[in-house]
Every structure is written in C-alpha cells, then in structure tokens.
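Have a look at the structure below before the remarks.
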Amino acid sequence: MSLPVYFAPLEGITDAAYRRVHHACFGGVSKYFIPFISPTQNLRFTARELAAVSPGQNAGLFAVPQILTKNAGHFLWAAQALFDMGYGEVNLNLGCPSGTVTAKGKGAGMLADVPGLMAFLDEVFAHAPLRVSVKTRIGCCVPDEFERLLPIFSRYPIHELIIHPRTRNEFYSGTPHRNVYAGALSENRLPLVYNGDLFTAEDCRALEASCSGTRALMIGRGLIANPALAQELAGGNALALPAIRSFLDRLEEAYLAAYPQNVAVGRLREVMKHMVCCFESPEKPRKAFRKASSLAAYHDALAALLEEHSLRESPCFVPDA
C-alpha cells in the first residue's frame, strides 16, 4: 500500500486554479500545500494572498497554507486568521533557498541562526491555535548541520516535519542526501515526510522501501510534469493523452477566468515547461512553449506536441532538461 502523497507548493504554478483543476482531473493527493504567504507588520493579507487562502477557492480539497516569516508574532497572527477561516493546519517554511528570501533571514535562512530559530519556535508552539507542520532543508551550507537541527525540532509538538535533504546552498542541484533523512527516521520521535527528487512511481516506491517509517511523500516537480503520478501510486490510471488533453483544457479555462490573458499564458507556459518532459524528443516543443507569448502561439505549440510527439514509456520530470 502506497504512502499518502502531498502536493508541494510551487510559487507561480500551484495556485488555487491549478489545485482545483488537478483535484478534479486526477486522484491520489492527500494534501495540497498552498504556496507561501508572507505576513508583515501591517497584519493584513494582500488581495493575492487572500485569494490564495480563501476557503471558497479551496473547497473540496485538503489544503494547507504555508507561512514564510521570521517574526513569531506575524506567524501567530496569520495562523489565527487562517484558523478563523476554518483551517486546521498551517506549514512553516524553513526550506525556501531563494536568495531574496534567505538574505532577509527567512525560509532556509532561518537555519543559520539557531538561537533565533529556537526563540521563534518557542513562541509559536506556546501559542499556535492549530496544528503546525514544518518544511525544512537540512542546513544552510553542509549536511552535517542537521545533526544540530534535528534535536531542536524534536523538542516541539510539530505535526509533521517535512524534510528536503539538501542544504540551502545546494538549491535543487546534485543528489538529495537521503542518508541524512534515513538517519533522522531512527533518531527522532516526530512524524517525518520525505520531499526531494521523486519523479517516477519507481522513485517513490524505492524511497518507501528504503525508509520505513516515513509518514508521507511530498512531491513537487514530479507531479507538475506527470499530474497522474499520485493517482498511479494509489493504484489508479497512469498518465495518458486523453487525460492530458482534458486537464490542459480545463486548466486553460480556469486560468483565463482568473487572470488577464497574458498572465494565463505565462502560467500555462510554466506548467508546460515541466510537462513537456513526459514526451519523446521534447527539445523542439520546449522551445516553442518558451517563445509562446500569445494564446494562439501556445495553442500551436500544444497542438504540435500532442500530435507529433509520443508519451515516453515512463513519463516523468527530467531535471535540467
């Protein structure tokens, strides 16, 4: 029996429109994590953030908002506001490696200041009105940093600790340090979720077999490229062309209803940058999607992809493609 699958938050892709369409077209996802909101001292959600977390926009699916901040007071304000909306869980982002985020001491940047991180967690877990899960990297510079971080996390009633076993400096390059994750399974009492380079059903099954005790799998790029991956893991249908056509038609309709046409086209291009990996000889269509600045150009690129290129035998995301 396969582990539960969580859909990782990918800013600019897994917005409310995408989440609703994916949930309607494919099964297998237990939780959809909402790309981070970042509360500030004015203690108000922006219009964009409010749209992202609006319960109406996430009706019918298990959605978990993610919060990005280094200020415990700001976190608790947002957690209370989300609790009042009906959410039962929020996620703390300690994993974002972006330079603009870490330079402010947020995301994975918080891992460099252990006393500050402990003070933050003390305050949050003393007053949070709902369950708090944490998504983290294993350090800023070297994997050995996690030997100090894990015992700190273990002090708190973290609902789930989602570990991406790369450092901040590694971004998404190289191979995840799965030995660090495996070690964490045997050395702590928290429920652990694995995240990182799960691109095929075989990847997921191998991780589950080698890391017994894992609570769930969080998948990002692998699910964007192959939106049927979680469904396949749950025993459902693998990715097929009719499902791709239906999904992309509904996604385009949802994007055009939510955004100006140029924004909708940009989001469709970003999705296709991942999905094109699932097809044979994707180089030419990849360039066509990259250049598609209008809806008509996007339609032309999509028609050429679906008519002239076959699905790969094992459709999946290909890093650095």
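The values are calculated or read from the model by the stated rules, or taken from the named source; none is laboratory data. None of the values given here were measured: they were computed from a predicted structure. Heads up, the Cβs are rebuilt from the backbone with ideal geometry, glycines too, and the neighbour counts pull from every protein chain shown. These accessible areas exclude ligands, DNA and RNA; they are computed on the full protein's heavy atoms, side chains included. Shrake-Rupley method; radii C 1.70, N 1.55, O 1.52, S 1.80 Å.
May I ask you to give the solvent-accessible area per residue for the stretch 3-51, in square angstrom, as obtained with a 1.4 angstrom probe? Show your work: numbers first, answer last.
Numbers: 2010 Å² over 49 residues.
Result: 41 Å² of accessible area for each residue.
For the chain, what does the helix formula give at 222 nm: sum of -39500 (n - 2.57) over DSSP H segments with n ≥ 4, over the residue count, nearest 500 deg cm²/dmol?
On the way: 14 runs with 143 residues, N = 321.
It lands at -13000 deg cm²/dmol.
Residues in the stretch 132-225 average 38 Å² of solvent-accessible surface per residue, probe 1.4 Å, ligands and nucleic acids excluded. From the alpha carbon centroid of the stretch 235-254 to that of the stretch 110-188 is 35 Å.
The heavy atoms of residue 10 offer some 30 square angstrom of accessible surface to a 1.4 angstrom probe. Annotation: aspartates and glutamates with alpha-carbon distance below 18 angstrom to residue 284 (same-chain offsets under eight excluded): 270, 300, 307, 308, 320. Note on residue 291: lysines with a C-alpha under 17 Å away, same-chain residues under 8 apart excluded, are 273. DSSP bridge analysis restricted to the chain gives an antiparallel fraction near 5%, rounded to the nearest 5.
Between residue 308 and residue 202, the C-beta separation translates, for a Förster distance of 25 Å, into a calculated FRET efficiency of about 0.35. A full extension of the chain between residue 148 and residue 299 corresponds to an added length of 49.3 nm, given 0.36 nm per residue minus the alpha carbon distance.
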